[in-house]
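A.B. asks: Okay, handing you the structure first.
The values are calculated or read from the model by the stated rules, or taken from the named source; none is laboratory data. Predicted model only: the values in this text are computed from it and were never measured. For neighbour counting, all protein chains shown are included, and Cβ atoms are generated from backbone atoms with ideal geometry for every residue, glycine included. Note: accessible area is taken over every heavy atom of the protein model, side chains too, but ligands, DNA and RNA are not part of it. Shrake-Rupley method; radii C 1.70, N 1.55, O 1.52, S 1.80 Å.
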Amino acid sequence: MVAGTVKQHVLAGVRAAIIDLDGTMLDTVPDFHVAINGMRAEFDLAPISAEAIKLMVGKGSENLIRTVLALDFDTAGVEQRFEQAMDAYQRHYLAINGQFSTLYPDVEAGLAAMKAAGLRLACVTNKPIAFALPLLKQKNLDGYFEIVYGGDSLPQKKPHPMPLLQVCADFDLAPAKVVAIGDSSNDAQAARAAACPVLTVPYGYNHGHSIHDTDSDGIVNTLLEAAQFISMQN
Ligand SMILES: O=C(O)COP(=O)(O)O
Ligand SMILES: [Mg+2]
């Protein structure tokens, strides 16, 4: 499936959208890069590249920290240092949250177009909620969302369907009426498991895999293009 190709019939009747954060609205890898290397410096570990970190983002902070530590330590070594590393990482991340991150093209225009089309909006991210809320506010995106769930807001995070199903319940809408939009297989798998239609963007982080290999209902170049496809069917 090429970018800009969408199975448009699945968007008929859509009343709400669930938007992912990292890799979909904001290019946050530069923030991750600074925070991870700040943590690594405290452990006397050499800095790693932003490209390496890009491959590790998507499955929440715990997974990220374990993956980063595993570059230098065996499983027991990772677990021994995990708690201290998480503390250091969170401290570094909160100190710079948003400072090096940028919006992708047409994010605001896309969210505004979805709102104008009468869609209700939720943000579901695997980022901890304590990082996600101030970041959305700083980038002037918070006003678009009625609901924000972070990776630690509920007992399960994406690719589990729980946060998506929770949004459907909150909005009192059947999953078929709530489209999920994200940059990675986590978003697509969560949506498939929840029975929500799902669109992906090709510019984010997908664990080093092409988004074209991820099962979705279509790839959109921007959130604005997503809004246009949804509007055409409603
Ligand atoms: O922080 C992560 O692991 C990824 O966050 P996302 O779900 O917003 O892409
Ligand atoms: Mg993402």
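A.B. asks: Can you tell me the Rg and Dmax of region 1-138, counting just the alpha carbons, in angstroms?
C.D. replies: 17.7, 54
A.B. asks: While we're on this one: Probe radius 1.4 Å, ligands and nucleic acids ignored: give me the carbon and sulfur share of the accessible area of the chain as a rounded percent.
C.D. replies: Working: 5160 of 9700 Å².
Its accessible area is 53 percent carbon and sulfur atoms.
A.B. asks: Once the chain is represented by equal point scatterers at the alpha-carbon sites, with solvent omitted, what log10 I(q)/I(0) does the Debye formula produce at q = 0.08, 0.09, 0.14, 0.16 Å⁻¹?
C.D. replies: With no solvent term, the Cα-only Debye profile gives -0.28, -0.36, -0.83, -1.06.
A.B. asks: Round to the nearest 0.05 the FRET efficiency obtained for residue 12 and residue 108 when R0 = 25 Å and r is the Cβ-Cβ distance.
C.D. replies: Numbers: r = 26 Å, r/R0 = 1.04.
The calculated FRET efficiency here is 0.45.
A.B. asks: Can you give the accessible area per residue of the chain, in Å², using a 1.4 Å probe? Write out the running numbers ahead of the final one.
C.D. replies: Values: 9700 Å² over 234 residues.
With the other protein chains kept in place, the chain gives 41 Å² per residue.
A.B. asks: What is the packing order of peptides 55-65, 131-141, taking the mean over residues of other C-beta atoms within 10 Å and listing the highest first?
C.D. replies: Numbers: 55-65: 19.6, 131-141: 18.0.
Per-residue Cβ counts within 10 Å, averaged per peptide and sorted highest first, yield 55-65, 131-141.
A.B. asks: Right, something else. Can you work out ³J(HN,Hα) from phi for every residue in region 30-44, in order, using Karplus 6.51 cos²θ - 1.76 cosθ + 1.60 and θ = phi - 60°, giving whole Hz and x for Gly and Pro?
C.D. replies: Result, rounded to whole Hz: x, 5, 4, 4, 5, 5, 5, 6, x, 5, 4, 4, 5, 9, 6.
A.B. asks: Let me cross-check residue 67: its accessible surface, 1.4 Å probe, with only protein heavy atoms counted, in Å² to the nearest 10?
C.D. replies: Roll a 1.4 Å probe over it and residue 67 shows about 50 Å².
A.B. asks: Relative to the longest principal axis of the C-alpha atoms of the chain, give the angle of the C-alpha long axis of helix 223-232, reported between 0 and 90° and rounded to the nearest 10°.
C.D. replies: The angle comes out at about 20 degrees.
A.B. asks: Using the alpha-carbon atoms, what tilt in degrees (0 to 90, nearest 10) does helix 129-138 show relative to the longest principal axis of the chain?
C.D. replies: So the helix axis and the longest Cα principal axis differ by about 70 degrees.
A.B. asks: Hey, another quick one. Could you work out Rg/(2.2 N^0.38 Å) for region 1-60, with Rg from alpha carbons only?
C.D. replies: Values: Rg = 17.5 Å, N = 60, 2.2 N^0.38 = 10.4 Å.
Region 1-60 yields a ratio of 1.68.
A.B. asks: Also: Can you run phi through the Karplus equation (6.51, -1.76, 1.60; θ = phi - 60°) for region 193-199 and list ³J(HN,Hα) in whole Hz, with x for Gly and Pro?
C.D. replies: Values, residue by residue: 5, 8, 6, 8, x, 9, 10 Hz.
A.B. asks: Once you have the alpha carbon radius of gyration of region 25-102, what is it after dividing by 2.2 N^0.38 Å, with N set to its residue count? Working shown, then result.
C.D. replies: On the way: Rg = 11.7 Å, N = 78, 2.2 N^0.38 = 11.5 Å.
Normalised by 2.2 N^0.38 Å, the Cα Rg of region 25-102 equals 1.01.
A.B. asks: Once you place label points 7 Å from the Cα toward the Cβ at residue 170 and residue 100, how far apart are they in nm?
C.D. replies: 3.0
A.B. asks: Let's test this: bin the Cα-Cα distances of region 143-216 at 10 Å from zero up to the farthest pair and state each bin's percent.
C.D. replies: In whole percents, the pair-distance histogram is 21, 52, 25, 2.
A.B. asks: For the chain, calculate the relative contact order in percent as a whole number, restricting contacts to Cα pairs under 8 Å that are 6 or more residues apart. Don't skip to the end; give the middle numbers.
C.D. replies: Working: 450 pairs, mean separation 75.7, N = 234.
RCO, the chain: 32 percent.
A.B. asks: Given the pairs 59/158; 7/177; 157/177; 137/158; 127/157, which are separated by over 18 angstrom at their Cα positions? Numbers along the way, then the final one.
C.D. replies: Values: 59/158 7 Å; 7/177 15 Å; 157/177 21 Å; 137/158 23 Å; 127/157 10 Å.
Pairs exceeding 18 Å: 157/177; 137/158.
A.B. asks: Expressed as an acute angle from 0 to 90° and rounded to the nearest 10, what is the orientation of the C-alpha long axis of helix 75-96 relative to the principal long axis of the chain?
C.D. replies: Between helix and principal axis, roughly 70 degrees.
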